[in-house]
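Colleague: Encoded as structure tokens, here's the structure I'll be asking about.
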Amino acid sequence: MTPKLSVAMIVRNESSLLPECLACLRGLADEVCVVDTGSTDDTAHVAANLGARVTSFPWTEDFSAARNTSLNACSGDWIFVLDADERIDPEGIEFIRMIVTSNAKSC
């Protein structure tokens, strides 16, 4: 069985960056879990329309609480943490998938 890879994201007012970011995850992520910490734009709507599972979490000045919420939303065997302004090179996708798959065979 191939391990499932989740991507965890914390976002706020990132609607302009999400389309490109989520597009770069095609072929990598089995699920994308986005935690919105209080956007005033359409970030949550954009993320959901692009296939992400969106959770709202009010910003409490505690980054670790938001991060833990994003990690808890994931159901994958592996979790990759990404910010909305980051991108993964297509070669990186193949490499990450190879690591995830080869690790599963050695466990």
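Colleague: What number comes out for accessible area per residue over the chain if the probe is 1.4 Å? Units Å², please.
Modeller: Per residue, the chain has 56 Å² of solvent-accessible surface.
Colleague: OK, next. Obtain the nm distance between the two label points defined at Met98 and Arg26 by a simple spin-label model: each point lies 7 Å from its Cα along the Cα-to-C-beta direction.
Modeller: If labels sit at Met98 and Arg26, their model points lie 2.3 nm apart.
Colleague: Charges on Cβ only, +1 for Lys and Arg, -1 for Asp and Glu, centred on the Cα centroid of the chain; of Thr101, Ser56, Cys21, which one is farthest towards the dipole's positive end?
Modeller: Thr101
Colleague: With just the Cα atoms defining each centre, how far is the stretch 42-107 from the stretch 1-37? Give it in Å.
Modeller: Distance between centres, Cα-based: 5 Å.
Colleague: Here is a follow-up. Calculate how steeply helix 90-106 sits against the longest principal axis of the alpha-carbon atoms of the chain, using the helix alpha-carbon long axis, and give the answer as 0 to 90 degrees to the nearest 10.
Modeller: Taking the Cα atoms of the chain, the angle to 90-106 is about 60 degrees.
Colleague: On to the next question. For Val32, what residues show an amide H to amide H distance below 5 Å, using hydrogens built from the backbone and excluding near sequence neighbours?
Modeller: Val7, Arg53
Colleague: Counting only protein heavy atoms and using a 1.4 Å probe, what share of the accessible area of the stretch 1-79 belongs to carbon plus sulfur, as a whole percent?
Modeller: Solvent-exposed carbon and sulfur of the stretch 1-79 make up 50 percent of the total.
Colleague: Just to compare against my own numbers: the Cα pair-distance distribution for the chain, 10 Å bins, whole % per bin, please.
Modeller: That works out to 15, 47, 29, 8, 0, in percent per bin.
Colleague: If you don't mind, there's one more thing I want to ask. Rounded to the nearest 10 degrees, what's the angle between the helix 63-73 long axis and the longest principal axis of the chain, both from Cα atoms, 0 to 90?
Modeller: Once rounded, the angle reads 60 degrees.
The values are calculated or read from the model by the stated rules, or taken from the named source; none is laboratory data. On a predicted model such as this, the values are computed, not experimentally measured, just so you know. Cβ coordinates were reconstructed from backbone atoms using ideal geometry, including for glycine residues, and neighbour counts include every protein chain displayed. Ligands, DNA and RNA are excluded from the accessible area calculation, which covers all protein heavy atoms including side chains. Shrake-Rupley method; radii C 1.70, N 1.55, O 1.52, S 1.80 Å.
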